[in-house]
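Participant: Starting off with a structure, shown below.
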């Protein structure tokens, strides 16, 4: 049964199989996380039966120390970097439409209460059941107690273990794919541009094999269990945040990629050194988070390098600037068919392939232009500030010298406070998801002002490149046609001599190109529309001062 559920879907296209298996795993794991607390309550204990006098970890009921509170706050902040994880990015990019993405985010937002809260329940009850048992994998030990009960509990335990293993495998294969893609696309392809797709494919397989081998070696010598791996995963992923955030929020300035890469590399080395050289060796280390301190170093280093780079450029003499401009003009004439490269004059190994991106590079300015008239909460800095504050107040910010409340029943009062306070960021997130757009509509009243580079791809146009760096011919043709029509309409409007009938026909052609029913039928639809106009005729629009009113 397990083989049928988890192997048969791989007969589908890659991302379809990934989406299907992820959905199956999510449903099974959610069922497990809801059912396990019910079984534990029936067979062992419930929250109401916990007592501070008999709990195996009485310090759980003490007021959290300042160091503990600081550690929890740092953990809540560093988990923001979850959006940088490769398996998360891959699934977002593979989503068929923005509507589906909004549905997925809605489910993800609600699922927190069906996964995290039961996980807290399982953990607290598990401490009582295991009674200070020494184990490197508490969840596995708790599930093992279910197997001893037999019947439904045993079946539930097997389902939980199988679903957990499948989820780990799914995450692992996404990471292996990411490593393979980065090595082949960002390293191998630039220095071997004439390699055939078959050779690149085999190079990717080799990279996957090497990555799996390294992961196997780490697994054999790693002694801290999966919890130890998670403790270093998020500090490392946090170092990718500046690249994302600078790309999103630097509207008028482009940061040189070498500055961003230098900051990320240096901070990554710092995180590894702190985790293994200090935190992992000390019994009572200073409560600093390697990820947050590494992020601070990362940002400061990027700022210093970028400021230094700009100061160096300013100091170039006028003669050198003229010589540089002449060289750039010559290069532009030689490579007029190649898309422009931000920060040119790089070595070949750092010159990315750009044909697949079209004629215009994606810059922060173009990104923000695409978001005009779109209600995106996190484009508002005050909304981001509110989200960070709401996450911070979920941490039990308390005086560490508060006396312990005697004879507590259930979970500690500060833990209840955390659960209740989590409702606030949950509500904020629900509002954010609710306000997400389901599409990027084009205002018909201003369709002549549309930017052809921001026209969305149809389902038929997606994935139509014939090679890795090949141009998407279909969307290039459609955007080129839109550009020509816009230019024609603009010139006609300027001279005000074009026949209104011809102008109306051009506007309908533009509408057909902007809103094709299907990419494969867009040209056909335009042609049919033109023929229909020629044969039947159209109602002549009323023209008022050069503007058409339907």
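Participant: Could you tell me whether any residue of the stretch 409-430 is touching a helix residue (DSSP H, G or I) at 6+ places or on another chain (Cβ under 8 Å), touching a residue at least 12 places away in the same chain (Cβ under 8 Å), surrounded by fewer than 17 Cβ atoms within 10 Å (Cβ to Cβ) and over 27 Å from residue 80 (Cβ atoms)?
Facilitator: Yes; the residues of the stretch 409-430 include at least one that is touching a helix residue (DSSP H, G or I) at 6+ places or on another chain (Cβ under 8 Å), touching a residue at least 12 places away in the same chain (Cβ under 8 Å), surrounded by fewer than 17 Cβ atoms within 10 Å (Cβ to Cβ) and over 27 Å from residue 80 (Cβ atoms).
Participant: Only one of 244, 234, 266 is surrounded by 14 or more Cβ atoms within 10 Å (Cβ to Cβ), within 30 Å of residue 365 (Cα to Cα) and in contact (Cβ under 8 Å) with a residue 60 or more places away in the chain; which?
Facilitator: Step by step, each of 244, 234, 266 is checked, and only 234 is surrounded by 14 or more Cβ atoms within 10 Å (Cβ to Cβ), within 30 Å of residue 365 (Cα to Cα) and in contact (Cβ under 8 Å) with a residue 60 or more places away in the chain.
Participant: Then there's this: Given (1) under 30 Å from residue 24 (Cβ atoms); (2) in contact with a helix residue (DSSP H, G or I) (Cβ under 6 Å, 6 or more places away or on another chain); (3) exposed (fewer than 15 other Cβ atoms within 10 Å of the Cβ); (4) touching a residue at least 24 places away in the same chain (Cβ under 8 Å), identify the lone condition not met by residue 172.
Facilitator: So the condition that residue 172 fails would be (2).
Participant: Of the conditions (1) surrounded by 13 or more Cβ atoms within 10 Å (Cβ to Cβ); (2) part of a helix (DSSP H, G or I), residue 198 satisfies every one except a single condition; which number is it?
Facilitator: (1)
Participant: Related question: Looking at residue 74 and the list (1) at negative phi; (2) surrounded by fewer than 16 Cβ atoms within 10 Å (Cβ to Cβ), which single condition is not satisfied?
Facilitator: Failing condition for residue 74: (2).
Participant: Given (1) touching a residue at least 60 places away in the same chain (Cβ under 8 Å); (2) exposed (fewer than 14 other Cβ atoms within 10 Å of the Cβ); (3) over 29 Å from the mean Cα position of the chain (by Cα), where does residue 133 come up short, assuming only one miss?
Facilitator: Exception for residue 133: condition (1).
Participant: Report whether or not residue 188 is buried (at least 17 other Cβ atoms within 10 Å of the Cβ) and either closer than 28 Å to residue 78 by Cβ or touching a strand residue (DSSP E or B) at 6+ places or on another chain (Cβ under 8 Å) (or both).
Facilitator: Details: buried (at least 17 other Cβ atoms within 10 Å of the Cβ): yes; either closer than 28 Å to residue 78 by Cβ or touching a strand residue (DSSP E or B) at 6+ places or on another chain (Cβ under 8 Å) (or both): no.
Against the criterion (buried (at least 17 other Cβ atoms within 10 Å of the Cβ) and either closer than 28 Å to residue 78 by Cβ or touching a strand residue (DSSP E or B) at 6+ places or on another chain (Cβ under 8 Å) (or both)), residue 188 does not qualify.
Participant: Search the stretch 285-309 for residues that are at negative phi and touching a residue at least 24 places away in the same chain (Cβ under 8 Å) and pair each with any residue that is surrounded by fewer than 22 Cβ atoms within 10 Å (Cβ to Cβ) and outside any helix (DSSP H, G or I) when their beta-carbon atoms are under 8 Å apart and the residues are at least 6 apart or on different chains.
Facilitator: 302/255; 305/256; 306/255; 306/256; 309/256
Participant: Mind counting the residues in the stretch 367-388 that are at pLDDT 80 or above and out of contact with any helix residue (DSSP H, G or I) (no Cβ under 9 Å at 6 or more places or on another chain)?
Facilitator: Of the residues in that region, 2 qualify.
Participant: Further question: Quick one: is residue 349 touching a helix residue (DSSP H, G or I) at 6+ places or on another chain (Cβ under 6 Å), at pLDDT below 75 and not in a loop (DSSP other than H, G, I, E, B)? Spell out the reasoning first.
Facilitator: On the way: touching a helix residue (DSSP H, G or I) at 6+ places or on another chain (Cβ under 6 Å): yes; at pLDDT below 75: yes; not in a loop (DSSP other than H, G, I, E, B): yes.
When the stated conditions are applied, residue 349 passes them.
The values are calculated or read from the model by the stated rules, or taken from the named source; none is laboratory data. Predicted, not measured: the structure shown is a model, and the values here were computed from it. Cβ coordinates were reconstructed from backbone atoms using ideal geometry, including for glycine residues, and neighbour counts include every protein chain displayed.
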